[in-house]
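Novice: Sharing a structure below in structure tokens format, with a few things to ask.
The values are calculated or read from the model by the stated rules, or taken from the named source; none is laboratory data. Given the structure is predicted, the values throughout are model-derived calculations rather than measurements. Please note: Cβ atoms are built from the backbone with ideal geometry, for glycine as well, and neighbour counts cover all protein chains shown. For accessibility, only protein heavy atoms count, side chains too; no ligands or nucleic acids. Shrake-Rupley method; radii C 1.70, N 1.55, O 1.52, S 1.80 Å.
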Amino acid sequence: TRAALSEAVHWGMGAVSGGLYGALAGRGNPVKGAAFGVGLWALVDEGLVPLLGLQDGPAGSPARGHANRLGAHVAYGLGLGLTVLLLDAVLPED
């Protein structure tokens, strides 16, 4: 149950974060998306999640784990930036 709830929260957070990025970003830009991903990693993964006791703090895992999660968040942000860029290109303007 714990693993399923953790997975559901992770996917839900990703969906909400994607919506937030889309609302705030304006025009699509992969660089802004990557920066958004870094911000999510720093604020949520390294800050909020340990504060809530859902994982160990920054000193609780090896640097490689932090780097892997940072890379995953950068890839997520790049994906957001590219998605908004493509949607801007194919959707009609209001």
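Novice: Condition check: out of contact with any Phe, Trp or Tyr (no Cβ under 8 Å at 6 or more places or on another chain), open to solvent by 80 Å² or more (accessible area, probe 1.4 Å) and either of a type in the set (D, E, K, R) or on the phi > 0 side of the Ramachandran plot (or both). Does Asp56 satisfy that?
Specialist: Judged against the criteria, Asp56 is a match.
Novice: For segment 59-68, name all the residues that are under 23 Å from Tyr21 (Cα atoms) and open to solvent by 70 Å² or more (accessible area, probe 1.4 Å).
Specialist: Result: Asn68, single match.
Novice: Could you list, in sequence order, all residues of segment 10-42 that are in a helix (DSSP H, G or I) and among the charged types (D, E, K, R)?
Specialist: Across segment 10-42, the qualifying residue is only Lys32.
Novice: Out of segment 16-32, which residues are at pLDDT below 85 and surrounded by fewer than 13 Cβ atoms within 10 Å (Cβ to Cβ)?
Specialist: Once the filter is applied, which keeps residues that are at pLDDT below 85 and surrounded by fewer than 13 Cβ atoms within 10 Å (Cβ to Cβ), segment 16-32 yields Gly26, Arg27.
Novice: I'd like to verify a number: residues in segment 52-94 that are assigned to a helix (DSSP H, G or I) and either of a type outside the set (Asp, Glu) or at pLDDT 90 or above (or both), how many?
Specialist: Count: 30.
Novice: Listed residues Leu91, Leu87, Leu48, Leu80; which is closer than 22 Å to Gly22 by Cβ and under 11 Å from the mean Cα position of the chain (by Cα)?
Specialist: After ruling out the rest, the residue left standing is Leu80.
Novice: Kindly list the number of the only condition in (1) surrounded by 13 or more Cβ atoms within 10 Å (Cβ to Cβ); (2) not in a helix (DSSP H, G or I) that fails for Asp45.
Specialist: Here Asp45 clears every test but (2).
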